[in-house]
Amino acid sequence: MKKLIKITSLIMAICLMLTLCACGGTSSNTQDSGSSSDTQSSANNASTESSGTQSGEAKVIGVNQYGEHPSLDNCYNGFVQGLIDAGLEEGVDFTIEYQTAGFDDNLAGQIAQSYSANDVDLMCAIATNSATACYAAAEDKNIPVIFTAISDPEQANLIGSNITGTSDKLPVDAQLELIRALQPDAETIGIIYTTSEPNSVSTIADYEEKVADYGFTLETVGITSQSEVTLAVDTLINRGVDCFSNLTDNTVVGVLGSVLEKTNEAGIPVYGSEITQVTAGCVASAGIDYFELGRRTGEMAAQILTGEATADDIPYETITEYEIYVNSAALEEMNIELSDEIAEDAIEATEE
């Protein structure tokens, strides 16, 4: 009998222990489930609150800048500002992978291919060579491409599906009018350009068509690399040009300081194509604002990233507004007098 009581007691104790263990296990699982639910809820709330883009995740933009000089740098800075002005927040709605090709076509192509391999959400190409590379790399992946600082998108074959952007076509008539006003006795304008850059080839054709209307003749020297620029300057000086007009040719602009060193020594003024060239020492320019060019490009990119529009829905835009920029110190060095009429509307761009 005592044995039966002991066995019965043992069985009851074991049952009690099993019951307690089962209760403890249920309690632990319920707590974990609640924690997981809270975490998921927080994540969903964060996703809903954070994004101006449709997916709720930061879109990745691959920026391919052909090289570093002030004009293209201003395009990039303006591009970022345009995204922000459109209501997007960096690090929340978009992130940027930025690379510069150092004016190397092969490297521009490699950068574009890396963005394609990484399946970025959008490529931004700054300058023609980078745009051509991005368009080729993005086509098979259906990645939209947006470009800026392209003088002639059609000449560069950047018209097609899933690509758009902004053009910096130079105001050639305004530039020729400015040169005539500042140098009434000038006869010949000299221009150096890269033969493989569609922007420059297109702009040279524009000059050739219009110079006679302002009483000028045109002397040009085509180059293929940066190492040829200073020799081209010597060639034009020996041809007796009265001034140089500098394009937005990336190869030439990259060594503008060397160009100005030679022209200043020869007493020949150089006219720039935008404000930073004038700040660097060119006498004057009828040019556009490259920060604003980039900013408009950023606004267009925001439309694509948020799903408001596709690249095909947005035609490329040519920025037509320009300003007259002058460098008073450079003008004085060249003994060029600024008329009151021009001075009234001109923007001083002398480096402080």
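Considering each of GLU219, GLU228 in turn, give the residue that is of a type in the set (D, E, K, R), over 19 Å from ALA156 (Cα atoms) and in a strand (DSSP E or B). Step through it out loud before you land on a result.
On the way: GLU228 fails: in a strand (DSSP E or B).
The conditions single out GLU219.
Inspect all residues belonging to segment 59-66 and state whether any of them is free of Cβ contacts under 8 Å to residues at least 24 places away in the same chain and either surrounded by fewer than 24 Cβ atoms within 10 Å (Cβ to Cβ) or not in a loop (DSSP other than H, G, I, E, B) (or both). Quick ask: steps written out before the conclusion?
Filtering segment 59-66 down to residues free of Cβ contacts under 8 Å to residues at least 24 places away in the same chain leaves none.
Among the residues of segment 59-66, not one is free of Cβ contacts under 8 Å to residues at least 24 places away in the same chain and either surrounded by fewer than 24 Cβ atoms within 10 Å (Cβ to Cβ) or not in a loop (DSSP other than H, G, I, E, B) (or both), which makes the answer no.
Residues that are within 18 Å of TYR76 (Cα to Cα), among the polar types (S, T, N, Q) and assigned by TED's automatic domain parsing to the domain that holds ILE179: does segment 277-293 have at least one?
Yes, there is a match, as at least one residue in segment 277-293 is within 18 Å of TYR76 (Cα to Cα), among the polar types (S, T, N, Q) and assigned by TED's automatic domain parsing to the domain that holds ILE179.
Each row is one residue, and each column tells you yes or no for (1) without any contact (Cβ under 8 Å) to a residue 60 or more places away in the chain; (2) aliphatic (A, V, I, L, M).
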{"site": "SER114", "(1), (2)": "yes, no"}
{"site": "VAL120", "(1), (2)": "no, yes"}
{"site": "ALA125", "(1), (2)": "no, yes"}
{"site": "ASN142", "(1), (2)": "yes, no"}
{"site": "GLN155", "(1), (2)": "yes, no"}
{"site": "SER161", "(1), (2)": "no, no"}
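Out of everything in segment 186-202 that is modelled with pLDDT of 95 or more, out of contact with any helix residue (DSSP H, G or I) (no Cβ under 6 Å at 6 or more places or on another chain) and crowded, with 20+ Cβ neighbours inside 10 Å, what residue ends up being nearest to GLY222 (Cα to Cα)?
Once the filter is applied, the top-ranked residue is ILE191.
Going by what's in this entry, would SER114 be described as buried (at least 24 other Cβ atoms within 10 Å of the Cβ) and among the hydroxyl-bearing types (Ser, Thr, Tyr)?
no
Could you grab me the full set of residues in segment 312-352 that are small (Gly, Ala, Ser) and touching a helix residue (DSSP H, G or I) at 6+ places or on another chain (Cβ under 6 Å)?
ALA349
The values are calculated or read from the model by the stated rules, or taken from the named source; none is laboratory data. Computed from a predicted model, the values in this text were never measured in an experiment. Counting neighbours? That spans all protein chains shown, and the Cβs are built from the backbone with ideal geometry, glycine included.
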